[in-house]
Amino acid sequence: MPTVHFTDAEGAVRDVQGNVGDSVMETAVRNGVPGIVAECGGSLSCATCHVFVREDCVSQLPPMEDMEDEMLYGTAVDREDNSRLSCQLRLTDGLELFVTTPETQV
Amino acid sequence: MGTHTAEQAAGATNGPATVPTRTGLLIIGASQSGVQLAVSLRALGFGEHITLLGDEDHRPYQRPALSKEFLQGTVESESLIFRSNDYWAEHNVDLVKGEHIVRIDKEADGSGVAHASSGREFPFRRLALTVGARARKLEIDGGDLDGVLYLRNADDALALKARVGDATDVVVIGGGFIGLEAASSLQKMGKNVTVLEFGPRLVGRAVGEETAEYFLQAHRSRGLDIRLNTSAARFSAADDGKAVAAVELQDGTVLPAQIVLIGIGVIPNTQLAEQLGLDVDNGVVVDRFALASDGTTVAVGDVANMPNPVPGSEPGERIRLESVNNAIEHAKVAAYSLTGRREEYAGIPWFWSNQADLKLQIAGLCNGYDQTVLRYDEERGKFSVLYYRRGQVIAADCVNAPLDFMAVKNALAKGQNIPADAAADPATQLKTITTDS
Ligand SMILES: Cc1cc2nc3c(=O)[nH]c(=O)nc-3n(C[C@H](O)[C@H](O)[C@H](O)COP(=O)(O)OP(=O)(O)OC[C@H]3O[C@@H](n4cnc5c(N)ncnc54)[C@H](O)[C@@H]3O)c2cc1C
Ligand code: FES
């Protein structure tokens, strides 16, 4: 099962197992990981599902589309090079993903 | 009514000892607002038991996809579920499905018992009404034929999906958000779709004139047949006398339709509030802290008529919003109220609607604007309208223009302005001209 390790802004870690095909955002929200808000439920409209992806995991992820790129300019905590919107990241077989959630999403 | 008075009398004469223990919070309505209220209460450390009760047979789910991805079959129903069962169990929230509350007995202290149509009773110490709204029905001849459908909940969406395979022609009645989203989805699925709008423009008053006109042109250029100032006179049946086969317009035109989808707005579910004697006026009337007129019951989301929360709005102005963002923010206000704190609505109302490749994002509320600025980048398919009141930006409609949306939303949240003259050039990034007003 793919696993996502969520670290919050204070450093607390939560490991959540997810299903192949689900997004990182869905995996977080369904299990109540507090650092992800995801108001729009994954339709790329809210930018409240922002995560920082650990550098060595970045290459495992699909490249971002223009819309995601533009939305990332409006996140509550400013974007970094390793920023992604977690609703756009799908879990694949065997994926081990390490992400940090920002201090705030809204 | 008999049991109502009998029970009140018993409570009054025999004292609290004979009244069943009324503990915990009962949330009636297990959707966007009810779910958020339960989640926010636990986040705030609310220690009492919570019952999250709804009359649908599904686990609480997100509605927006019903007219979009779910209808098109690009997301699974499982993806729409808000929280896992484990989450509710771990957070001591009792999720009750399929129970429709028909009557509530409530004491002056806010506690009481809710009665379901099944006969089950749900005692409570505090009550939350998150009962939302229902689809407004179109009462014309043939309105109860098979295939005349609405789209408010998952069962409606499943009924629509079940019919879509066999249909060639669909008539959508109502050119609002849900009608246009569903029309775009059905068109994408290969259906021959006609949209009938009773009014002179699309999307009513939720957006300004320019945005409505932009959507009209954009949809028409994508092949959607939209007829303004047009209403249906009756629906006629196929030979079997049961299924809808055509829509007859006021002018006598007949449009074939194996599906008629009606999206002409919603009516807030105020029946329980009325029975409780709460103030009701286009929804349950609540104060800035989501409290109804009894001072103890909270009402949240689509069902609530609240003071306009936007900074700078006219004093006394009231509003009932129908959006995910409002359900979430309003639920947070109510969660504070229920834990004895007083916090006003935070954040700027926002909304989204996806129609074909048109991605609309709205920041703020454009009510009472006196000036608009249009930003149109035809080549890149980006379109925004900024709304101003007395020189201050108050809202924006943005189509495929997330940078504009984000800039306006952030400016509003920080109480900043985006001067109108500088905003008019679509090549200028709004973020760079935002000023502290
Ligand atoms: C097809 C569709 C698309 C949408 N798209 C968007 C969008 O893109 N963006 C956006 O921001 N918003 C969208 N919305 C609006 C958004 O979904 C609503 O604003 C939101 O669901 C409101 O949440 P609520 O909990 O207040 O009410 P509701 O979602 O209406 O929930 C109320 C619940 O209470 C239950 N209930 C009512 N009476 C009783 C009773 N007596 N006993 C027990 N249960 C009861 C109802 O069955 C329902 O489950 C859309 C809505 C629909 C229908
Ligand atoms: S959940 Fe809204 S953009 Fe990701």
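Given q = 0.10, 0.11, 0.17, 0.24 Å⁻¹, what are the Debye log10 I(q)/I(0) values for region B:239-347, with equal point scatterers placed on the Cα positions and solvent ignored?
Debye curve over Cα of region B:239-347, log10 I(q)/I(0) at q = 0.10, 0.11, 0.17, 0.24 Å⁻¹: -0.44, -0.49, -0.77, -1.36.
What's the buried accessible area, both sides, between A and B using a 1.4 Å probe, rounded to 100 Å²? Write down the numbers at each step before the final one.
Working: alone 5740 and 19710 Å², together 23510 Å².
Approximately 1900 Å², summed over both chains.
Could I have the simple spin-label model distance between B:ARG390 and B:SER117, label points 7 Å from Cα toward Cβ, reported in nm to one decimal?
With each label placed 7 Å out from Cα toward Cβ, I get 5.0 nm.
With r defined as the distance between the Cβ atoms of A:MET67 and A:THR92 and R0 fixed at 22 Å, what FRET efficiency is calculated, to the nearest 0.05? If you can, show how the numbers build up before the last one.
Working: r = 21 Å, r/R0 = 0.97.
That gives a FRET efficiency of 0.55.
Name the residues of region B:347-366 whose accessible area falls by at least 20 Å² when all protein chains are present instead of the chain alone, probe 1.4 Å?
Buried by 20 Å² or more upon assembly, which counts only protein chains, are B:TRP350, B:TRP352, B:LYS359, B:GLN361.
Quick one: with all protein chains in place, what share of the accessible area of the protein assembly as shown is carbon or sulfur, to the nearest percent (1.4 Å probe)?
On the way: 11240 of 23510 Å².
Ligands and nucleic acids excluded, carbon and sulfur give 48 percent.
Counting only other chains, and only Cβ atoms inside 10 Å, what mean value do you get across the residues of B:404-417? Before the final figure, lay out the partial values.
Working: counts 2, 6, 8, 2, 1, 3, 4, 0, 0, 2, 0, 0, 0, 0.
For peptide B:404-417, the averaged partner shielding equals 2.
Mean separation of Cα pairs under 8 Å and 6+ residues apart, divided by the residue count of region B:357-436: what relative contact order is that in percent?
Details: 158 pairs, mean separation 22.5, N = 80.
The normalised contact order for region B:357-436 reaches 28 percent.
Please work out the FRET efficiency for the pair B:SER84 and B:SER236, using the Cβ-Cβ distance as r and a Förster radius of 41 Å; give the result to the nearest 0.05. Mind showing how you got there, number by number?
Values: r = 47 Å, r/R0 = 1.14.
Result of the calculation: an efficiency of 0.30.
If you restrict to DSSP beta bridges whose two residues both lie in chain B, what percentage is antiparallel, to the nearest 5?
Working: 52 of 85 bridges.
Among the beta bridges of chain B, antiparallel pairing accounts for roughly 60 percent.
Could you identify which residue out of B:ILE319, B:ILE328, B:ILE362 has the top mean-square fluctuation in a GNM of chain B using Cα springs shorter than 10 Å?
Evaluated over chain B, the most mobile residue of the options is B:ILE319.
What are the ³J(HN,Hα) couplings of region A:81-96, residue after residue, when phi is run through the Karplus curve with 6.51, -1.76, 1.60 and θ = phi - 60°? Round to Hz, x for glycine and proline.
Whole-Hz 3J(HN,Hα) from phi for region A:81-96: 4, 9, 7, 9, 9, 5, 6, 9, 9, 9, 6, 10, 3, x, 5, 10.
Evaluate the distance, in nm, between pseudo-label points positioned 7 Å from the Cα of B:ASP425 and of B:ALA108 along their respective Cα→Cβ axes.
Computed distance between label sites B:ASP425 and B:ALA108 equals 6.8 nm.
Can you give the charge dipole size of chain B about its Cα centre, rounded to the nearest 20 debye, using +1 on the beta carbon of Lys and Arg and -1 on the beta carbon of Asp and Glu? Walk me through the numbers on the way to the answer.
Values: 42 positive and 56 negative charges, 145 e Å.
With Lys and Arg at +1 and Asp and Glu at -1, about 700 debye.
Over chain B, what is the relative contact order in whole percent, taking alpha-carbon pairs under 8 Å and six or more residues apart? Could you put the intermediate results ahead of the total?
On the way: 918 pairs, mean separation 56.8, N = 437.
Dividing the mean separation by the residue count of chain B yields 13 percent.
Give the residue from A:GLN60, A:TYR73, A:THR92 lying farthest towards the positive end of the charge dipole for region A:17-100; charges sit on Cβ (+1 for Lys and Arg, -1 for Asp and Glu) and the dipole is referred to the Cα centre.
Sorting the options by dipole projection puts first A:THR92.
Give a quick list of GluC sites (Glu not before Pro) in region B:62-130 that DSSP marks as loop, anything other than H, G, I, E or B, with at most 13 other Cβ atoms within 10 Å.
The qualifying sites are B:GLU76.
From other protein chains only, count the Cβ atoms within 10 Å of every residue's Cβ in A:27-38, then give the mean.
On the way: counts 1, 0, 7, 9, 5, 11, 0, 2, 0, 0, 1, 1.
Partner Cβ neighbours, averaged per residue: 3.
Per residue, how many Å² of accessible area does the protein assembly as shown show with a 1.4 Å probe?
Values: 23510 Å² over 543 residues.
I get 43 Å² per residue for the protein assembly as shown.
Could you size up the charge dipole of the protein assembly as shown around its Cα centre, putting +1 on the beta carbon of Lys and Arg and -1 on that of Asp and Glu, and report it in debye to the nearest 20? List each step's numbers first, then the result.
On the way: 48 positive and 75 negative charges, 155 e Å.
Roughly 740 debye for the protein assembly as shown.
Go through B:LEU186, B:PRO256, B:GLY174 and say which Cα lies farthest out towards the positive end of the charge dipole of region B:137-264; charges sit on Cβ, +1 for Lys and Arg, -1 for Asp and Glu.
In region B:137-264, that residue is B:LEU186.
Taking amide H positions as placed 1.01 Å from N in the peptide plane, with prolines and chain starts having none, which residues 5 or more places from B:LEU95, or on another chain, fall under 5 Å of its amide H?
Placed amide hydrogens put B:LEU52 under 5 Å from B:LEU95.
Indicate the gyration tensor shape class of chain B (rounded, prolate or oblate), computed on the Cα atoms with a ≥ b ≥ c the square roots of the eigenvalues: a/c under 1.5 is rounded; otherwise a/b larger than b/c is prolate and the rest oblate. Each step should come with its number before you reach the end.
Working: a/c = 2.07, a/b = 1.25, b/c = 1.65.
It comes out oblate by the Cα gyration axes.
Would you calculate the separation in nanometres between label points at B:THR435 and B:GLN271, each defined as 7 Å from the Cα along the Cα-to-beta-carbon direction?
Going from the B:THR435 label point to the B:GLN271 one covers 5.5 nm.
Looking only at chain A, where both bridge partners belong to it, what percent of the DSSP beta bridges are antiparallel (to the nearest 5)? Before the final figure, lay out each step's value.
Working: 11 of 16 bridges.
Just about 70 percent of them are antiparallel.
Let me make sure I get this right: for region B:343-408, a, b and c are the square roots of the gyration tensor eigenvalues over alpha carbons, sorted descending. Under 1.5 in a/c it's rounded, otherwise prolate if a/b > b/c, else oblate. Which is it? Working shown, then result.
On the way: a/c = 2.39, a/b = 1.36, b/c = 1.76.
Oblate, since a/c reaches 1.5 and b/c is not below a/b.
Which angle between 0 and 90 degrees, to the nearest 10, do you get for helix B:154-164 versus the longest principal axis of chain B when only C-alpha atoms count?
So the inclination is approximately 40 degrees.
Do the sum for the protein assembly as shown: with -39,500 (n - 2.57) for every DSSP H run of n ≥ 4, divided by all residues, what is the mean residue ellipticity at 222 nm, to the nearest 500 deg cm²/dmol? Walk me through the intermediate numbers first.
On the way: 14 runs with 124 residues, N = 543.
That calculation yields -6500 deg cm²/dmol at 222 nm.
Can you flag which of B:LYS191/B:LYS359; B:LYS137/B:LYS332; B:LYS97/B:LYS188; B:LYS359/B:LYS409; B:LYS68/B:LYS382 are past 24 Å Cα-Cα? Display every interim value, and only then the final one.
Numbers: B:LYS191/B:LYS359 21 Å; B:LYS137/B:LYS332 31 Å; B:LYS97/B:LYS188 34 Å; B:LYS359/B:LYS409 16 Å; B:LYS68/B:LYS382 21 Å.
Long pairs (Cα-Cα over 24 Å): B:LYS137/B:LYS332; B:LYS97/B:LYS188.
Name the most mobile residue of B:GLY29, B:GLY312, B:GLY179, meaning the one with the largest mean-square fluctuation, in a Gaussian network model of chain B with Cα contacts below 10 Å.
B:GLY312
On full extension of the chain, what length is gained from B:ASP279 through B:GLU76, given 0.36 nm per residue of separation minus the C-alpha to C-alpha distance? Don't skip to the end; give the middle numbers.
Values: separation 203, 0.36 × 203 = 73.08 nm, distance 4.02 nm.
Full extension from B:ASP279 to B:GLU76 adds 69.1 nm.
I'd like the orientation of helix B:2-14 relative to chain B: the angle between its Cα long axis and the longest Cα principal axis, in ° from 0 to 90, rounded to 10.
For B:2-14 against chain B, the angle is about 40 degrees.
Roughly how crowded by other chains is peptide A:41-50, in terms of the mean Cβ count from those chains within 10 Å of each of its Cβ atoms? Walk me through the intermediate numbers first.
Values: counts 12, 7, 10, 5, 13, 8, 4, 2, 0, 0.
The shielding value for this peptide is 6.
When DSSP assigns beta bridges and you keep just the ones with both residues in the protein assembly as shown, what percent turn out antiparallel, to the nearest 5? Present the calculation step by step, with values, prior to reporting the outcome.
Details: 63 of 101 bridges.
DSSP beta bridges in the protein assembly as shown are roughly 60 percent antiparallel.
How would you classify the protein assembly as shown from its alpha-carbon gyration tensor, with a ≥ b ≥ c the square roots of the eigenvalues: rounded for a/c under 1.5, else prolate if a/b is greater than b/c, otherwise oblate? Write down the numbers at each step before the final one.
On the way: a/c = 1.42, a/b = 1.10, b/c = 1.28.
Note, shape of the protein assembly as shown comes out rounded.
What does the net charge come to around B:CYS366 if you take all other residues with beta carbon closer than 12 Å to its beta carbon, with K and R at +1 and D and E at -1?
Working: positive: B:ARG205, B:ARG389; negative: B:GLU209, B:GLU210, B:ASP370, B:ASP397.
Charge balance in the 12 Å sphere: -2.
Pairing the Cα long axis of helix B:324-338 with the longest principal axis of chain B, what angle in degrees results, from 0 to 90 and rounded to the nearest 10?
The answer is roughly 20 degrees.
The values are calculated or read from the model by the stated rules, or taken from the named source; none is laboratory data. Note that the structure is predicted; figures quoted are calculated from it, not measured. FYI the Cβ positions are ideal-geometry reconstructions off the backbone, even for glycines, and counts take in every protein chain you see. SASA here: full protein model, heavy atoms, side chains in, ligands and nucleic acids out. Shrake-Rupley method; radii C 1.70, N 1.55, O 1.52, S 1.80 Å.
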